[in-house]
1. How big is the charge dipole of segment 110-214 about its Cα centre, in debye rounded to the nearest 20, if each Lys and Arg gets +1 on its Cβ and each Asp and Glu gets -1 on its Cβ?
2. Points 7 angstrom from Cα along the Cβ direction at Gln248 and Arg24: gap in nanometres?
3. What distance in nm separates the simple spin-label points at Ser172 and Asp117, each placed 7 Å from Cα in the Cβ direction?
4. Quick one: length gained pulling Val6 to Gln288 fully straight, 0.36 nm per residue minus the C-alpha distance?
5. Give me the dipole magnitude in Debye, nearest 20, for segment 29-181 about the Cα centre, with unit charges on the beta carbon: positive for Lys and Arg, negative for Asp and Glu.
6. Find which of Val340, Ala325, Ser15 sits farthest along the positive direction of the dipole of the chain, computed with +1 on the beta-carbon of Lys and Arg, -1 on that of Asp and Glu, about the Cα centre.
7. May I ask you to derive the FRET efficiency for Arg300 and Lys261 from their Cβ-Cβ distance with R0 = 35 Å, giving the value to the nearest 0.05?
8. Could you give the semi-axes, largest first, of the ellipsoid that matches the chain, computed as the square roots of 5 times the alpha carbon gyration tensor eigenvalues and rounded to whole Å?
Amino acid sequence: MTEKIVIAMSGGVDSSTAAALLQRRGYEVVGLSMQLWDYTRPESSNAEAEPKKSGTCCSLDDIYDARRVARFLNLPFYVVNFEKAFEQEVVIPFVRSYLEGETPIPCVRCNTFMKFDHLLATGHYARVRQNQATGRYELLQALDTSKDQSYFLFEMTQSQLKHILFPLGEYSKSEVRRMAEEYHLPVFEKPDSQEICFIPGKNYGRFVETYVSQGPTAQEFETSQSENPGWAARSGPIVSRDGNVLGQHRGIHNFTVGQRKGLGIAVGEPLYVIETDVTHGRVVVGPQKDLLKRGLIARRLNWISIEKLVEPMRVKAKIRNRHEAAPATLYSNGPDSVSVEFDEPQRAITPGQAVVFYHHDCVVGGGWIKESR
């Protein structure tokens, strides 16, 4: 009996090629696209942004492209409406994280809560294997490390890894595009998606402000603002490390650690955001050297290659997707917290971002950065 595989089809080159590869390997492939967001909502209207035709994901145009590919491959194809779940599991935590002075990664939550609970295959660049000695399923980096997406997948569970397929993990991006052209897929020339799907033009601050004032939970956010004088949507001072006021900001949610542009101050030397202080409503700035930190605290952990951390462990830790993983030691602070001590100081360790731990090409686990040290 032919094995049936449900694959996420975003309408892009990667997922389309993954579907074609699985079909050629003899699977009975079913395509599925998720309708996650209503782009007519005021939060996603942006006159300065280009129309959502390329460089994005999950738009109506993308669903149309996915349907075209499925028809070309003669696959059953379905569109499922997950807008409510997406808003609850991804959008609201994204907004709340910004308002708490963090810099969130909605793509990780989308993978965790939207995709891998429903699907058996995706176009992600990653690999899976079972460790014969431990019996655990392991998440590996893609062979093409320049396209590797394992950082975004660190919250996957053993039951998900047991069943998931990543057909593209063994290929480079150039090979995938070449296969898409050889298979005559109608999207083989489509650009890769770049921005967060529900925010056109990368204007995160504007999205947060509009959502807080007009979104379905606006009353809840309004209550939070009235109860918390340091709530990040409020204006406040931009200060140096010693407390000197250098300017004013329109809300901490417009800033992230390491940011240089858009500060609106000039003091004769380049200044960077080194801290967002929600408690006191301040944005703290300083010279670039103040961005260097030797460690961090991470919480809400997920372990993949090990069951739990029982003793100090040497790893390479990645604090951003485009960050080169750096040698570090993990120390347990309890069941759901670790200290990460880097061999060398790292630049712009940012609360709200993920830190993912690697041993060679294998994901040990990861967590969410609570604070730098």
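All of the numbers you see were taken from the coordinates with simple rules; none came from a lab. Because the structure is predicted, anything quoted here is derived from the model rather than measured. Counting neighbours? That spans all protein chains shown, and the Cβs are built from the backbone with ideal geometry, glycine included.
1. Dipole magnitude for segment 110-214 comes out near 160 debye.
2. Distance between label points: 6.2 nm.
3. It is 3.9 nm.
4. Net length gain for the segment: 96.8 nm.
5. 540
6. Ranked along the dipole, the leading option is Ala325.
7. 0.70
8. Sorted largest first and rounded, they come to 36, 27, 18 Å.
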